[in-house]
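Reading through the structure tokens given below for one structure.
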Amino acid sequence: MEITLNNRKETFDTESMTVAEMLEKKSFSFRMRMVKLNGRLIKKDKYDTTLIRNGDDVKMLYLMSGG
């Protein structure tokens, strides 16, 4: 499957995967993050059930705080 992840083409050897699986495969481990799938915000409690499929556009953003 080929997706666009943060504006870059990425290829995975699977037909689909969950958001949680994608985060694990890409080693995105920061706790404070936000995921959008095709422009739609995905809540953390849906990461295990939301599927990413061929052609999808995924944005993974880290949230930072500071002063």
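The values are calculated or read from the model by the stated rules, or taken from the named source; none is laboratory data. Remember, predicted model here, so these are calculated numbers, not experimental data. Note that we place each Cβ from the backbone using ideal geometry, even for glycine, and neighbour counts take in every protein chain shown. Side chains included, ligands, DNA and RNA excluded: accessible areas come from the protein's heavy atoms. Shrake-Rupley method; radii C 1.70, N 1.55, O 1.52, S 1.80 Å.
Contact map, segment 41-52: residues that are within 16 Å of E24 (Cα to Cα) paired with residues that are among the basic types (K, R) and open to solvent by less than 60 Å² (accessible area, probe 1.4 Å), Cβ distance under 9 Å, separation 6+ or inter-chain. Pairs shown: K44/R33.
If a residue must be surrounded by fewer than 11 Cβ atoms within 10 Å (Cβ to Cβ) and out of contact with any helix residue (DSSP H, G or I) (no Cβ under 7 Å at 6 or more places or on another chain), how many such residues does segment 31-58 contain? It would help to see each step written out before you state the result.
So the first thing to find is which residues in segment 31-58 are surrounded by fewer than 11 Cβ atoms within 10 Å (Cβ to Cβ), and the list is 31-32, 39-41, 43, 45, 48-49, 55.
Retained after the next criterion (residues that are out of contact with any helix residue (DSSP H, G or I) (no Cβ under 7 Å at 6 or more places or on another chain)): 31-32, 39-41, 43, 45, 49, 55.
Residues meeting the conditions: 9.
Selection of segment 48-67 for residues being farther than 17 Å from M34 by Cβ and of a type in the set (A, V, I, L, M) yields only L51.
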